[in-house]
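The values are calculated or read from the model by the stated rules, or taken from the named source; none is laboratory data. Predicted model only: the values in this text are computed from it and were never measured. In this analysis, Cβ positions are derived from the backbone assuming ideal geometry, glycine residues included, and neighbour counts consider all displayed protein chains. Note: areas computed on protein heavy atoms with side chains; ligands, DNA, RNA excluded. Shrake-Rupley method; radii C 1.70, N 1.55, O 1.52, S 1.80 Å.
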Amino acid sequence: MREWLRERLRKAWEARSPRERRLLLILGVILSVVLYLWLVSTADRARTRLRSSLPQLRVQAEEFERQAAGYERIKITPSASPSSGDLKALAQTQADALGVSHALNGINALDDDQVQVTFQAVPFADWLKWAVAMQLQHVRFEKGRIEALPEPGIVTVTGTFVRAAPE
């Protein structure tokens, strides 16, 4: 099959006059140069776009690494059995440990096994870490309201947390 195609192309080439051959070669070279320049231009635009997004991607990667370290810290925190200690103090201690106490607006003990917690202008990811830490202490989020603020990723949270009943 290849030989047949090659032979056919050779015959078509030899059937052309020298002037036509020269013209076809020049057109082939021009087409090759235009195609090459188009490919280089496209690659350069893509490289410029990627280069401009690189700092943002690096910041995101650092944030992911920081979050992964935080999750590891939470994961390593020993899981305590449900204690009969002060739930309000536990909520405050977890907020202090995770660095969200600045956004903690209030903790109201509803009874020995329930607290209502209010956070103002807290990053959602930080509040979520705090909620996971509370869950590791056998205190679960029962009900509440999470409202997004105009700043991306920032929320106001009011919620009730309930201690798990001892088994």
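Distances longer than 11 Å among the Cα atoms of the range 115-158: what percent of all pairs is that?
Value for the range 115-158: 64 percent of Cα pairs lie more than 11 Å apart.
What's the carbon and sulfur percent of the range 1-69's accessible surface, probe 1.4 angstrom, rounded to a whole number?
65 percent
Can you give the helix-only mean residue ellipticity at 222 nm for the chain, where every DSSP H stretch with n ≥ 4 adds -39500 (n - 2.57) and the sum goes over all residues, rounded to the nearest 500 deg cm²/dmol?
Result for the chain, helices only: -20500 deg cm²/dmol.
Provide the gained length on full extension for the span residue 57 to residue 10, in nm with one decimal, where the gain is 0.36 nm per separating residue minus the Cα-Cα distance.
Here the segment from residue 57 to residue 10 would lengthen by 11.6 nm.
Ignoring ligands, DNA and RNA, what accessible area per residue does the chain give at 1.4 Å, in Å²?
On a per-residue basis, the chain sits at 75 Å².
Give the shape of the range 1-46 as rounded, prolate or oblate, defined through the alpha-carbon gyration tensor: a ≥ b ≥ c are the square roots of its eigenvalues, a/c under 1.5 means rounded, and otherwise the shape is prolate if a/b is larger than b/c and oblate if not.
oblate
Place the peptides 96-103, 121-128 in order of packing, highest mean first, counting for every residue the other Cβ atoms within 10 Å and averaging per peptide.
Highest mean packing first, the order is 121-128, 96-103.
So what's the gap between the Cα centers of the range 1-71 and the range 103-145, to the nearest angstrom?
Between the Cα centre of the range 1-71 and that of the range 103-145, the gap is 56 Å.
Hey, in the GNM for the chain with a 10 angstrom Cα cutoff, which one of 109, 95, 12 fluctuates hardest?
Of 109, 95, 12, the most mobile in the Gaussian network model is 12.
Can you pull the semi-axes for the chain, root of five times each eigenvalue of the Cα gyration tensor, sorted largest first, whole Å?
71, 19, 13
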